[in-house]
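Data first, discussion second: the structure below is written as structure tokens.
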């Protein structure tokens with residue numbers, strides 16, 4: 001079974017600075033997808049960024065980028081120019097690429113605080 | 001209404017009550033999910049429905065009973081719950097149905113359940 005580990009329960013960063021959230025996972029599969037979800041306080045969880053394991057290039061979405069290290073099974077999220085609206089719980093998630101397997105496995109989350 | 005909606009947003013119930021959580025998706029998706037979110041624990045997948053058929057039951061106690069009458073609606077019927085069942089219950093949907101490729105899940109805002 002796959003597992004996802006987020007070793008940082010809480011992180012804080014000064015506004016406009018850069019922060020990196022870590023995520024490691026364990027799997028025996030060679031093809032899979034990785035996601036970062038954001039859950040602001042009392043608001044809906046939304047997808048921040050995703051990475052297909054077969055792609056070597058790291059995914060980027062505006063101020064959000066990932067450092068995907070397949071051999072090390074590491075998938076960290078970098079947030080540049082942090083903004084107050086980035087304050088949220090961030091969850092790393094794994095999904096198999098098996099056809100018809102829609103199950104997501106989540107980590108325990110990292111609570112990110114933005115310091116004005 | 002757009003996206004994934006859930007009602008009620010908050011629910012307080014006694015251990016002998018029977019209640020139901022409702023989820024509706026307006027995205028034309030084929031797969032729907034129930035998750036349980038407890039503090040300091042990973043999101044726990046409870047049930048998956050694909051094309052209105054239950055494809056996964058993640059060893060959930062029988063006091064939780066899902067129902068998927070059509071591809072847009074998902075219910076979670078609750079009866080004789082325990083205080084440890086208090087949590088945020090999240091519904092999600094995705095294109096599913098064995099869609100090839102990355103299959104993003106869209107989440108609802110959740111129902112905050114308190115069992116007294």
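A short reminder: the numbers here are calculations on the coordinates, not readings from a lab. Here the structure is a predicted model, which is why all the values come from computation and not from measurement. A quick note on method: Cβ atoms are made from the backbone with ideal geometry, for glycine too, and the neighbour counts reach across all protein chains shown.
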For residue B:20 and residue A:98, what is the calculated FRET efficiency with R₀ set at 25 Å and r taken between the beta-carbons, to the nearest 0.05? 0.20
In chain A, if every C-alpha pair distance is counted and binned at 10 Å from zero, what percent goes to each bin? 14, 48, 30, 7, 0
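Which value results for Rg/Rh of chain B when Rg is the Cα radius of gyration and Rh the Kirkwood radius based on the inverse mean 1/r?
On the way: Rg = 13.6 Å, Rh = 14.2 Å.
My calculation of the ratio gives 0.96.
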How far is it, in nm, from the label point at residue A:18 to the one at residue B:67 when both lie 7 Å from their Cα along the line to the Cβ? 5.3 nm
Sort out for me the Cα centre separation of the stretch A:19-68 from the stretch B:41-66, rounded to whole Å. 24 Å
Kirkwood Rh, Cα Rg: Rg to Rh for the protein assembly as shown? 0.97
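Between residue B:79 and residue A:31, how high is the FRET efficiency from 1/(1 + (r/R0)^6) when r is the Cβ-Cβ distance and R₀ = 41 Å? Nearest 0.05.
Working: r = 41 Å, r/R0 = 1.00.
Approximately 0.50, to the nearest 0.05.
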